[in-house]
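First comes the structure, then the notes that go with it.
Readers should treat all values here as calculations from the given coordinates under stated rules, not as data from a laboratory. Just so it is clear, the model here is predicted, and its values are computed rather than measured. Heads up, the Cβs are rebuilt from the backbone with ideal geometry, glycines too, and the neighbour counts pull from every protein chain shown.
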Amino acid sequence: MPMMRRARVSDHRTLVECVQRWCGDSRTPAEACEPSVLLPRVFLRFFASTSLVAEDSTGVKAFLVGFHSADHDEDAYIHFVGVDPALRGRGLACGLYTAFFERAAEAGRREVRAVTTPDDAGAIAFHQAMGFSLEPGDDEADGLPVHRDYDGPGQDRVCFRKRIEAQ
Ligand SMILES: CC(C)(COP(=O)(O)OP(=O)(O)OC[C@H]1O[C@@H](n2cnc3c(N)ncnc32)[C@H](O)[C@@H]1OP(=O)(O)O)[C@@H](O)C(=O)NCCC(=O)NCCS
């Protein structure tokens, strides 16, 4: 089983390469080809200490990029999680989320938020399995509350939130 550790700025290149290798099957081709848009260095440069990497002797197997909000004292946010397709369904992402929840709660955070695209059924099911609820949107698609143009024109998103317990 891979060991979990805090991310480091120096992980950036490896994590981008992981996104290129792993996410081609679950994201649109444009997004899969452009991991620098999904995972610019800024996330590791400023939020490595709240991000997590799971690795074994052969390399990185999963990671989570997240941070504690600078504007909202009670909020934390998970920007991205990725798991090697060969190791999916074994609880790796659950382990990363659980560790992130624990650390966020220890730091006084009470709510974790995340967003994904309405067509990413796997990510939606995963977040629901992790206990997130869907925030009411301004529209609906396939029975899901959708926030139209959330990330810009045509960039609709589904938004999640989960309360976490004080430690
Ligand atoms: C989504 C993803 C992170 C899940 O990782 P994983 O390690 O396979 O997930 P886990 O094994 O920890 O699963 C945890 C729970 O989520 C559920 N789940 C995970 N992926 C699922 C899927 N594609 N469809 C339905 N349920 C799913 C599992 O059944 C499990 O539920 P349970 O606890 O009730 O058994 C992984 O498939 C991935 O890396 N996808 C590509 C990147 C991505 O979509 N990221 C999310 C957007 S930021």
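By count of other Cβ within 10 Å, fewest leading, how are GLU135, GLU106 ordered?
GLU106, GLU135
Only bridges with both residues in the chain count here: give the DSSP antiparallel percent, nearest 5.
90 percent
Pick from ALA125, ALA54, ALA99 the residue whose mean-square fluctuation is largest in a GNM of the chain, springs joining Cα atoms under 10 Å.
Result: ALA125 has the largest fluctuation of those listed.
Measure off 7 Å from each Cα along the Cα-to-Cβ vector at ASP151 and MET3, then give the distance between these two points in nanometres to one decimal.
About 3.4 nm, to one decimal.
Please work out the FRET efficiency for the pair ARG90 and GLN128, using the Cβ-Cβ distance as r and a Förster radius of 25 Å; give the result to the nearest 0.05. Don't skip to the end; give the middle numbers.
On the way: r = 19 Å, r/R0 = 0.74.
Result of the calculation: an efficiency of 0.85.
Please identify the DSSP H helices in the chain that span no less than 18 Å along the helix axis (Cα) and have a mean Kyte-Doolittle hydropathy of -0.5 or more.
Membrane-span-like by this rule: 92-106.
When the dipole is taken about the Cα centre of the range 3-163, and only Lys, Arg (+1) and Asp, Glu (-1) are charged at their Cβ, what size is it in debye, to the nearest 20? If you can, show how the numbers build up before the last one.
Numbers: 20 positive and 25 negative charges, 167 e Å.
Using only the charged Cβ atoms, the result is roughly 800 debye.
Using a Gaussian network model of the chain with C-alpha springs under 10 Å, which one of PHE46, PHE100, PHE80 is most mobile by mean-square fluctuation?
PHE46
Take VAL42 and SER10, extend 7 Å from each Cα along the Cα→Cβ direction, and tell me the distance between the two endpoints in nm.
2.5 nm
With labels modelled as points extended 7 Å from the Cα through the Cβ direction, what inter-label distance (nm, one decimal) is found for ASP119 paired with GLN20?
Modelled inter-label distance: 2.4 nm.
Can you put HIS127, HIS68 in order of Cβ neighbours within 10 angstrom, beginning with the fewest?
Fewest to most other Cβ atoms nearby, the residues stand as HIS68, HIS127.
According to the Cα gyration tensor, what semi-axes, each the square root of 5 times an eigenvalue, does the equivalent ellipsoid of the range 1-152 have, listed from largest to smallest in whole Å? Please report the intermediate quantities before stating the final value.
Numbers: eigenvalues 105, 76, 49 Å².
With the √(5λ) rule applied to the range 1-152, the semi-axes are 23, 20, 16 Å.
Explain nothing, just compute: Karplus ³J(HN,Hα) = 6.51 cos²θ - 1.76 cosθ + 1.60, θ = phi - 60°, for every residue of the range 134-147 in order, whole Hz, x for Gly and Pro.
Working through the residues one at a time gives 8, 6, x, x, 9, 7, 9, 9, 6, x, 9, x, 10, 9 Hz.
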